[in-house]
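Student: Before we start, here is the structure in question, set down as structure tokens.
None of the figures in this text is laboratory data; all of them are computed from the coordinates on show. As the structure is a prediction and not an experimental result, all values here were calculated from the model. Neighbour counts run over all protein chains shown; Cβ positions are idealised from the backbone, glycine included.
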């Protein structure tokens, strides 16, 4: 029975991939844009899941690396005509140069939990203030990118190329997360997450593990900033270093979907993205009412899942599978 269920799971996964590849060819630009944004948030959630889900570190300042990645690749394109495919790698490398000493300071100081969250949020606010007052990067005016079809410069007039790039990034994150979960580093991270004192006593270098996950997550987050810059064609500090959009939504996706899982953050992020679009489509809601209702629904879903299924939707599915006769045999 277990073998049959595995075959069904693989078959459904392949069918889903076929649908995801073909479906955008037959939808409007609005639907395509919605799908791209949903996939983008799924990528961000999975990037943050590495440091929180697999290592248990409540670092909420990842918008620093997102913004740095976006600004570096954009400035390289605007000033030096460097393709963002290369600029994204350079931006991610700059993010590492920031994340490594920051992680060394944070984790050498033994910050954890709420203290770590507050300090990392403060770092994001510092970078936002810095970029707002830095004329070289446009300050509060931001940077505009040209609207043209230039594939070498990661600029497209159609939504389809952006969609397939976003899908490729999410699939790549799934594969990467699966590899991390099965690696020694992943097992050590989970040990640190579950009981840091016991992990330290068993010989695990908890400090090194936390710094490694923090830097790795920052590196991947920076690529998200590059993608957003090229897709939206406009960046400004209030967007690129935003705590609500770049931390809250990925965090909700991870918590609701299931932290420390391969597919949980993706499922959770897609769920919130779809909910947000459905609420915006309600005809009698406009302006602040949409935002208020969206936050209320997000909070309600988070509360229900957290109280009823502390391990998220993936935990619920695993529990259902164990309770279904024949599935666990």
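Student: Cut-off is 10 Å between beta-carbons; in what order do 169, 17 appear when sorted fewest neighbours first?
Tutor: On the way: 169 21, 17 12.
Exposure proxy ranking, most exposed first: 17, 169.
Student: With a 10 Å cut-off between alpha carbons and a GNM built on the chain, which of 207, 223, 272 moves the most?
Tutor: 207
Student: Determine the relative contact order of the chain: mean sequence separation of Cα pairs under 8 Å and six or more apart, normalised by residue count, in whole percent.
Tutor: Values: 466 pairs, mean separation 99.9, N = 329.
RCO, the chain: 30 percent.
Student: At residue 275 and residue 104, where each label point lies 7 Å from the Cα along Cα→Cβ, what is the point-to-point distance in nanometres?
Tutor: For the pair residue 275/residue 104, the computed spacing is 4.1 nm.
Student: If you take all C-alpha pairs in the range 32-191, what percent of them are over 24 Å apart?
Tutor: Percentage above 24 Å: 44.
Student: Can you work out D for the range 29-89 in µm² s⁻¹ from Stokes-Einstein, where Rh is the Kirkwood radius over C-alpha pairs, the temperature is 10 °C and the viscosity is 1.306 mPa s?
Tutor: Once the numbers are plugged in, D ends up at 118 µm²/s.
Student: Would you mind ranking 64, 297 by Cβ crowding within 10 Å, fewest neighbours first?
Tutor: Exposure proxy ranking, most exposed first: 297, 64.
Student: Same structure again: Which order do the peptides 139-150, 211-222 take when ranked by the mean count of other beta-carbon atoms within 10 Å per residue, highest first?
Tutor: Top to bottom by mean Cβ count within 10 Å: 211-222, 139-150.
Student: Estimate the FRET efficiency between residue 152 and residue 301 by the formula 1/(1 + (r/R0)^6), using the beta-carbon distance for r and 30 Å for R0, to the nearest 0.05.
Tutor: Once the sixth-power term is evaluated, E becomes 0.10.
Student: Right, next: So for the range 2-323, what percent of the C-alpha to C-alpha distances run longer than 27 Å? Please report the intermediate quantities before stating the final value.
Tutor: Details: 23525 of 51681 pairs.
Cα-Cα pairs in the range 2-323 separated by more than 27 Å: 46 percent.
Student: Here's a follow-up. Report the Rg/Rh value for the range 124-242, based on alpha-carbon coordinates and the Kirkwood definition of Rh.
Tutor: Rounded to two decimals, Rg over Rh is 1.11.
Student: Counting only helical runs of four or more DSSP H residues, what would the 222 nm mean residue ellipticity of the chain come to if each run contributes -39,500 (n - 2.57) and the total is spread over all its residues?
Tutor: -24500 deg cm²/dmol
Student: Can I ask one more? Along each of its three principal axes, how wide is the spread of alpha-carbon positions in the range 184-267, in whole angstrom units, largest first?
Tutor: Sorted largest first, the three principal extents are 49, 25, 19 Å.
Student: Follow-up question, since we're still on this one. Using only the Cα atoms of the range 91-176, what are the Rg and Dmax in Å?
Tutor: Rg and Dmax of the range 91-176, Cα atoms, are 18.0, 49 Å.
Student: For a footprinting-style exposure proxy, rank 55, 206 by other Cβ within 10 Å, fewest first. Spell out each step's value before the answer.
Tutor: Details: 55 28, 206 18.
Exposure proxy ranking, most exposed first: 206, 55.
Student: Something else about it: Pick out which of 186, 113, 253 has the largest mean-square fluctuation in a Gaussian network model of the chain, springs linking Cα atoms closer than 10 Å.
Tutor: Of the options given, 113 has the highest mean-square fluctuation.
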